[in-house]
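Inspection log for the structure reproduced underneath, given as structure tokens.
The values are calculated or read from the model by the stated rules, or taken from the named source; none is laboratory data. Not measured: the values here are computed from a predicted model. Don't worry about glycine lacking a Cβ; one is built from the backbone with ideal geometry, like all the others, and counts go over all protein chains shown.
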Amino acid sequence: MELLDKLNWRYAAKAMNGETVAEEKIGRIIEAARLAPTSSGLQPFEIIVIKNQELKEKIRPVAWNQSVVTECSHLLVFAAWDTYTADRINYMFDLTNDIRGFKNEGWENYRKMLLDTYPKQAIETNFNHAAKQAYIALSMAMVAAAYEKVDCTPMEGFSADKVDEILGLHKKGLKSTVLLPVGYRKEDADWLVNLVKVRKPMTDLVTVIE
């Protein structure tokens, strides 16, 4: 299967060559993330796409000085909502009604249930839930990148608070969750590039219950 071949090709590049990825490829990668499923369809995150080299240079020291932050073509920051609010929930439900052109009683009842539940939960609980949704989108972006034969490196090794400060995310009610440098591998500088991919065997990973 072609997709599995692409996924076997991909790995977390440890060095990139600075080559620019075509905007149409970046667009398809981001579109895949946009199309990702999320809980209740709320899409509780935003994706910040950084092309500016000076801004990448500011982020690198607070991302464990990992070279791919500045060597990449585009640095994607997946930033989750800091919490769920009535306005945020209503926006997505209203958008759905506008696009579909009708209101559904069951859908409106579901809206009310979320409005009666999510905003009352602890902020940390809401952020953790939103962050999980961002990771679903991250996975879709990574698969799309592999399909485009573009390298990417998912990164949790960074100071979220400092990245938030650099990007002014607090003002937008967002918190950085994961970074995704996107670019092309630099094979002669990457210790990982030629190593065999290691994953658990199916017998250790999957339990089938019939």
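Would you call LYS103 more than 30 Å from LEU7 (Cβ to Cβ) and in contact (Cβ under 8 Å) with a residue 60 or more places away in the chain? So LYS103 does not fit the description; no.
For segment 152-210, the candidate set comprises residues that are charged (D, E, K, R) and part of a loop (DSSP other than H, G, I, E, B); within that set, the residue that is surrounded by the fewest Cβ atoms within 10 Å (Cβ to Cβ) is GLU210. Among the residues of segment 115-132, is there at least one that is within 30 Å of LYS186 (Cα to Cα) and among the polar types (S, T, N, Q)? No, every residue in segment 115-132 fails to be within 30 Å of LYS186 (Cα to Cα) and among the polar types (S, T, N, Q).
For segment 19-47, taking the residues that are surrounded by 12 or more Cβ atoms within 10 Å (Cβ to Cβ), outside any strand (DSSP E or B) and of a type in the set (Asp, Glu), the one that is farthest from the chain's Cα centre (by Cα) is identified as GLU19. Has segment 111-119 got at least one residue that is assigned to a helix (DSSP H, G or I), in the same structural domain as ASP98 (by TED's automatic domain parsing) and in contact (Cβ under 8 Å) with a residue 60 or more places away in the chain? Within segment 111-119 (the criterion being assigned to a helix (DSSP H, G or I), in the same structural domain as ASP98 (by TED's automatic domain parsing) and in contact (Cβ under 8 Å) with a residue 60 or more places away in the chain), the answer is yes, since at least one residue qualifies. Being buried (at least 19 other Cβ atoms within 10 Å of the Cβ) and within 15 Å of the chain's Cα centre (by Cα) holds for only one residue in PHE78, PHE93, and it is PHE78. Checking each residue in segment 154-204 for being among the hydroxyl-bearing types (Ser, Thr, Tyr) and touching a helix residue (DSSP H, G or I) at 6+ places or on another chain (Cβ under 8 Å) picks out SER159, SER176, THR177.
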